Amino acid sequence: MTHTDATSDRRPLVIASNRGPASFAVDEHGEVAARRGAGGLVTALIGALQASGGLWIASAMSEIDREHAGSGRIEIGDPGARYSVRYLAFDPGEFHAFYNEVSNRVLWMLHHCLWDAPRTPVFDAATTRAWNAYRRVNVAFSEALEEEGDADFLIQDYHLSLAPAMLRARRPGARIAYFSHIPFAGSEHFRVLPRRYRLELLEGLLGADVIGFHASAWAENFLVDCRELPRATVNLRARSIRWQGRTVRVGVYPISIDVEALRAESREDAVDEARRRVEAVAGGRALLLRVDRAELSKNILRGFLAYERFLERCAHWHGRVVFLAQFNPSREDVPEYGRYMEECFRAVDAVNDRFGRGDWRPVTVSYGDDFALAIAGYERYDALLVNPVFDGMNLVAKEGPTLNRRDGTLILSENAGAFPELGRHAVRVSPFDVEGTADAIREALEMPAVERARRARGLRAAVQRNRLDAWVERQRAALRRAGAGPG
Ligand code: ADP
Ligand code: F6P
């Protein structure tokens with residue numbers, strides 16, 4: 001094995017996640033082309049692996065992925081910044097149960113508090129079957145990891161919650177870190193999940209030596225949840241858990257973005273054309289922007305309701321502001337997502353019908369995988385709305401201020417993992433508070449120039465202070481310490 005080695009004791013880096021750095025699709029010329037995978041995990045890990053080299057094991061997520069990436073290793077990157085990717089291919093039905101039924105419809109909903117308790121969730125025989133598939137896919141990942149020999153294993157996210165303990169059983173001395181890119185449900189909410197699943201999840205995670213979260217709130221929830229395990233000793237202050245003769249460390253490692261890479265992307269030709277598209281929408285008016293996966297947890301619907309309320313109360317903004325909402329399609333096989341986005345689009349029509357006049361269209365929606373447009377929007381916004389119900393981190397809140405050229409204001413949910421780092425430079429919102437979000441939109445758009453500039457500087461500095469390469473290195477250092485002796 002020849003992965004680049006960045007640690008002092010020379011173990012290679014092996015990352016495992018469901019989604020890999022690229023997915024395959026047929027492009028406009030009918031050719032199969034690799035596209036960057038969606039979401040913050042991919043954005044962050046590409047940067048991290050380019051810095052350290054290593055192997056990334058991921059699922060082939062579609063038929064075309066399975067055909068084009070289903071076997072062997074693919075080398076990615078330039079000389080000097082190379083890493084390899086190995087895709088695991090699963091039976092489509094098995095993968096659907098693992099990804100859509102358990103990961104997206106159970107675990108994602110659980111940790112982001114997205115259920116509607118009188119009606120959902122319902123755990124039944126179908127859940128049992130899907131959970132068995134979830135378990136089998138985790139087994140397959142743990143087998144693939146084991147084949148890599150001695151390494152620093154970095155297992156990513158809720159799709160692979162069981163893999164740490166499975167790998168530990170195969171390789172008791174392995175150095176295993178697990179990182180959750182999403183929130184972790186607090187104890188009362190966690191109890192929506194049946195006890196057998198709760199215990200299996202916690203025991204699965206505790207196979208790791210180090211368990212990382214983006215924010216201390218999620219780490220604390222996890223520690224408290226672990227108190228339910230009969231034989232675990234949880235030390236909240238030390239953020240550690242004694243479990244099966246080992247000490248598991250819980251750490252807070254807020255992820256960042258690769259600022260240089262993002263700036264380089266903003267110099268691509270495609271962004272020039274996207275700038276013209278954004279200007280055609282804005283037409284010289286103030287721009288309120290949002291950029292998200294088309295995702296329930298991003299709180300898109302309340303964002304439109306708040307904008308409608310803002311327009312209702314602030315007639316002096318009529319004709320002077322445009323809301324550009326960009327959505328990257330996501331999880332289209334999950335019915336809740338389709339229904340939710342339809343509701344969001346109806347809310348957009350309602351605002352446009354009610355307030356639009358002449359050439360002023362109050363909201364424009366872009367729906368598609370269009371990173372160039374996201375970049376052009378970042379540069380141009382006057383206010384960026386990031387109001388998730390709950391979010392592990394939210395990288396849009398970091399990318400926007402990094403590229404913005406107008407001292408634009410960030411409106412940020414207090415329940416985003418990015419809030420502890422960025423909140424004091426942002427306009428804070430409680431995501432369920434539509435009235436308060438309408439106030440925040442007004443405050444953001446009417447903030448005096450000096451204050452806007454001060455906050456924009458603060459945001460840029462906060463993002464730059466937290467370097468992405470340090471994110472992986474801090475976890476590897478924690479792994480080395482964990483291996484050095486009992487806690
Ligand atoms: P999540 O991980 O939940 O999707 P984040 O905000 O952390 O949320 O990360 C989203 C990532 O996807 C960001 O890097 C963002 O720039 C990128 N992105 C957002 N919209 C698009 C789009 N339309 N096309 C491509 N990438 C996008
Ligand atoms: O960042 C959280 C995350 O869930 C990642 O785990 C995931 O890759 C990303 O958002 C996008 O979701 P999906 O992979 O389901 O499209």
message: Tell me the angle of helix 371-380 to the major Cα principal axis of the chain, expressed in degrees between 0 and 90 and rounded to the nearest ten.
response: 50
query: Based on the alpha carbon coordinates of the stretch 335-484, what radius of gyration and maximum Cα-Cα distance (Dmax) apply, in Å?
result: 18.1, 69
- line: Rounded to a whole number, the Stokes-Einstein D of the stretch 138-189 in µm²/s (Kirkwood radius over Cα pairs; 37 °C; 0.692 mPa s) is 282
- prompt: What is the magnitude of the charge dipole of the stretch 260-466 about its Cα centre, with +1 placed on the Cβ of each Lys and Arg, -1 on the Cβ of each Asp and Glu, and no other charges, expressed in debye to the nearest 20?
  reply: 800
query: When N counts the residues of the stretch 20-177, how does its alpha-carbon radius of gyration compare numerically with 2.2 N^0.38 Å, as a ratio?
result: 1.12
- line: Length gained if E446 through L236 is fully extended, taking 0.36 nm per residue and subtracting the Cα-Cα distance, is 71.3 nm
field: Size of electric dipole in the chain: Cβ of Lys, Arg +1 and of Asp, Glu -1, about Cα centre, debye, nearest 20
entry: 1740
message: Suppose the chain between D150 and R36 were pulled fully straight at 0.36 nm per residue; how much longer would it get relative to their current alpha carbon spacing?
response: 38.1 nm
task: Taking the Cβ of each residue in R66, R481 as the centre, tally the other Cβ atoms inside 10 Å and list the residues starting with the fewest.
output: R481, R66
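For the stretch 67-191, with only Lys/Arg (+1) and Asp/Glu (-1) charged at the beta-carbon, what is the dipole magnitude about the Cα centre, in debye rounded to 20?
Magnitude of the dipole: close to 340 debye.
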task: Compute the long axis of helix 40-52 from its Cα atoms, compare it with the longest principal axis of the Cα atoms of the chain, and write down the angle in degrees, 0 to 90, nearest 10.
output: 60
task: Can you tell me the order of 202-215, 19-32 when each peptide is scored by its average per-residue count of other Cβ atoms within 10 angstrom, highest first?
output: 202-215, 19-32
- request: Tell me what the chain gives for mean residue ellipticity at 222 nm when only DSSP H runs of n ≥ 4 count, each as -39,500 (n - 2.57), the sum divided by the residue total, rounded to 500 deg cm²/dmol.
  value: -13000 deg cm²/dmol
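For an R0 of 45 angstrom, estimate the FRET efficiency from the Cβ-Cβ distance between E336 and H29 and round to the nearest 0.05.
With R0 = 45 Å, the Cβ-Cβ based efficiency is 0.85.
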- prompt: What ranking of F141, F355 emerges when the number of other C-beta atoms within 10 Å of each C-beta is taken as an exposure proxy, fewest first?
  reply: F355, F141
query: Which value does Rg/Rh take for the chain over its C-alpha atoms, Rh per Kirkwood?
result: 0.96
field: Net lengthening on full extension, R354/R465 (0.36 nm per residue, minus Cα-Cα)
entry: 35.6 nm
- prompt: Once the dipole of the chain is set up with Lys and Arg at +1 and Asp and Glu at -1 on Cβ about the Cα centre, which of A38, A426, S17 lies farthest towards its positive end?
  reply: A426
message: If neighbour count is taken as other Cβ atoms inside 10 Å, put E399, E265 in order from fewest to most.
response: E265, E399
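Just so you know, all these numbers are worked out from the coordinates, no wet-lab data involved. Being a predicted model, the structure only gives us computed values, none of them experimental. Heads up, the Cβs are rebuilt from the backbone with ideal geometry, glycines too, and the neighbour counts pull from every protein chain shown.
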